[in-house]
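Read the figures in this text as sums done on the coordinates, not as results from a lab. What you see is a predicted model, and the numbers here were worked out from it, not measured in a lab. Positions of Cβ are generated from backbone atoms using ideal geometry, with glycine treated the same way; all protein chains shown enter the neighbour counts.
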Amino acid sequence: MTEELRIRKLVSVFSPEQIAGRVRAMAGEIDAQYGDEPLIAICVLKGACIFFSDLVRCLHNKNLELDFIRLASYGTGTTSSGQVVLRKDVENDLRDKHVLLVEDIVDSGRSMRFVLDAFAARGPRSLRLAALVDKTGRRDTEVSVDFSGFSVESGFLVGYGLDYAERYRGLPGICEIVPE
């Protein structure tokens, strides 16, 4: 059983305005990569749902399909359990299609490595990863983030979809939890 984190305060790391600007810029990078080629954008639920919604609304691709997966690895703790479970799989066939996996934060890299390997085995034409936050300090599994919003070294971040024990997802910006 994981002990609950006692929170002293939340410190703003990225404002809503910074996030909105970076999401628009990422959409431009993705549009430059794919143009109007058919693309399946896959949201990793639950954390990426807010970022994903804003990102796909900024894309100009007229051949964009949306899909969703759900993983579990954190539970109610602040560190990954190390075991990744696919709770909901995609509904689309990925064979010979451009696939863009959209994640809120890449931390240890284990979850994304698990998904990228599983999707690569399905024969996509291309497979790339977009992450709002690329957190490099605890990376222990090789993962390349193709489209990165922000890079940070460390800190437990919440807001704009990122959570601690299902809380704080609705904050408009991203904050770091400062424990007691």
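Some notes on this structure:
- Student exercise, the chain dipole from Lys, Arg, Asp, Glu Cβ charges, in Debye to nearest 20: 220
- Calculated from backbone phi, Karplus (6.51, -1.76, 1.60) coupling profile of region 132-148 in Hz, x at Gly/Pro: 5, 10, 9, 9, 8, x, 10, 5, 10, 10, 5, 9, 9, 8, 6, 10, 10
- Mean separation of Cα contacts under 8 Å, 6 or more apart, over the residue count of the chain: relative contact order %: 27
- Extended-chain gain in nm, criterion 0.36 nm per residue less alpha-carbon gap, Ser144 and Ser12: 44.9 nm
- Paired Rg and Dmax values of region 17-153, which use every Cα atom, in angstrom: 14.1, 41
- Fraction of beta bridges assigned by DSSP in the chain that are antiparallel (%, nearest 5): 35
- Sorted from longest to shortest, the spans of the Cα atoms of region 120-180 along the three principal axes equal 46, 23, 20 Å.
- Across region 100-180, the relative contact order, built from alpha-carbon pairs under 8 Å that are at least six residues apart, equals 26 percent.
- Long-range HN-HN contacts of Glu65 with modeled amide H, under 5 Å: Leu39, Ile40, Ala41
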